[in-house]
Amino acid sequence: MHYIDSFAKVDDVLARVGAVREATGKSFDIAIDFHGRIHKGMAKVLAKELEALHPFFLEEPVLPEHNEALREIAQHTTIPIATGERLYSRWDFKQLLHDGYVDIIQPDVSHAGGISEVRKIATMAEAYDVAVAPHCPLGPIALASCLQIDACTHNALIQEQSLNIHYNMQGDLLDYLADPSVFAYQNGYVAVPREPGLGLTINEEAVRRAAAQEHAWRSPVWRADDGSVAEW
């Protein structure tokens, strides 16, 4: 969406989320990731209009460089607000928590200092009565690390993971494990690995094969309908 956009685009969003709600029923939790693609003016509108569909939470209503806008967005909705995947230390989260307009933080163990730092961030969030949902659309080591944090974090809410996710064209999370059953989900839950260390064994041959391939990944370039560059 542009800074201020047509309500027809809001209707499109409501139709898509409404279709999911109709297909899954009232008891199914639907989290909606804005991914910072919406500017403050339209984020307020969407947050208000989506409330009738009872989302589980709204993720990154605005980009982290505009987190001061969360105060105004929160005044337009009772939907819990989540953010934090692009914050990298407890000092980045300090102001966010102090401001008091976020309900769920989403530190990434691979970006925010590892297990020890994310555990400190989670403890700090608990002091502000804020939940933690570790960001992890990544590989098996990152996911295993997150599960260890979740297991000892009182305010852990939900764990993101990337099994069979749409942008894994190759190299799925399980491809790098000697025993893929370590991440066997049942009814949306997975057991905390109990083997030594992080509880998993990496298939080193699979890693060597992947390392032998050329890697030229670049962030996708998305454009709005008028040709302007948009947040991907």
- Some residue of region 147-155 being within 28 Å of E72 (Cα to Cα) and in contact with an Asp or Glu (Cβ under 8 Å, 6 or more places away or on another chain): yes
- Item | Subset of region 1-38 that is over 17 Å from the mean Cα position of the chain (by Cα) and of a type in the set (D, E, K, R) - its residue that is farthest from W232 (Cα to Cα) | K26
- Item | Only one of L198, L174, L143 that is surrounded by 10 or more Cβ atoms within 10 Å (Cβ to Cβ), free of Cβ contacts under 8 Å to residues at least 60 places away in the same chain, among the aliphatic types (A, V, I, L, M) and part of a loop (DSSP other than H, G, I, E, B) | L198
- Task: Determine, yes or no, whether L14 is touching a residue at least 24 places away in the same chain (Cβ under 8 Å), under 21 Å from D99 (Cβ atoms) and either among the hydroxyl-bearing types (S, T, Y) or in a helix (DSSP H, G or I) (or both).
- Result: no
- Going through region 198-228 one residue at a time, which ones are more than 24 Å from the chain's Cα centre (by Cα) and more than 21 Å from S162 (Cβ to Cβ)? E205, R208, A212, E214, D225, D226, G227, S228
- Query: If you take the residues in region 144-185 that are among the polar types (S, T, N, Q) and at pLDDT below 90, which one is nearest to the chain's Cα centre (by Cα)?
  - Reply: S162
- Item | Of all residues in region 96-140 being charged (D, E, K, R) and closer than 21 Å to I79 by Cα, the one that is surrounded by the most Cβ atoms within 10 Å (Cβ to Cβ) | D103
- Take region 201-214 and flag every residue that is outside any helix (DSSP H, G or I) and surrounded by 10 or more Cβ atoms within 10 Å (Cβ to Cβ). T201, I202, N203
- Residue count for region 215-224, restricted to those that are surrounded by 10 or more Cβ atoms within 10 Å (Cβ to Cβ) and either touching a residue at least 12 places away in the same chain (Cβ under 8 Å) or assigned to a helix (DSSP H, G or I) (or both): 1
- Note on the structure: Looking across region 32-55 at residues that are in contact (Cβ under 8 Å) with a residue 40 or more places away in the chain and buried (at least 16 other Cβ atoms within 10 Å of the Cβ), the single one that is farthest from Q75 (Cα to Cα) is R37
- Message: Return the residues of region 129-140 that are of a type in the set (G, A, S) and either in a strand (DSSP E or B) or closer than 11 Å to R119 by Cβ (or both); say none if nothing qualifies.
- Response: A131
- Task: Can you tell me which residue within region 93-117, out of those that are over 26 Å from P140 (Cβ atoms) and acidic (D, E), is farthest from the chain's Cα centre (by Cα)?
- Result: D99
- Note on the structure: If we keep only residues of region 111-128 that are outside any helix (DSSP H, G or I) and touching a His at 6+ places or on another chain (Cβ under 9 Å), then the residue nearest to T153 (Cα to Cα) is Y128
- Query: From the residues in region 57-68 that are free of Cβ contacts under 8 Å to residues at least 40 places away in the same chain and buried (at least 17 other Cβ atoms within 10 Å of the Cβ), which one is farthest from D92 (Cα to Cα)?
  - Reply: L58
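The values are calculated or read from the model by the stated rules, or taken from the named source; none is laboratory data. What you see is a predicted model; the values in this text were computed from it and never measured. As a convention, Cβ positions derive from the backbone with ideal geometry for all residues, glycine included, and neighbour counts pool all protein chains shown.
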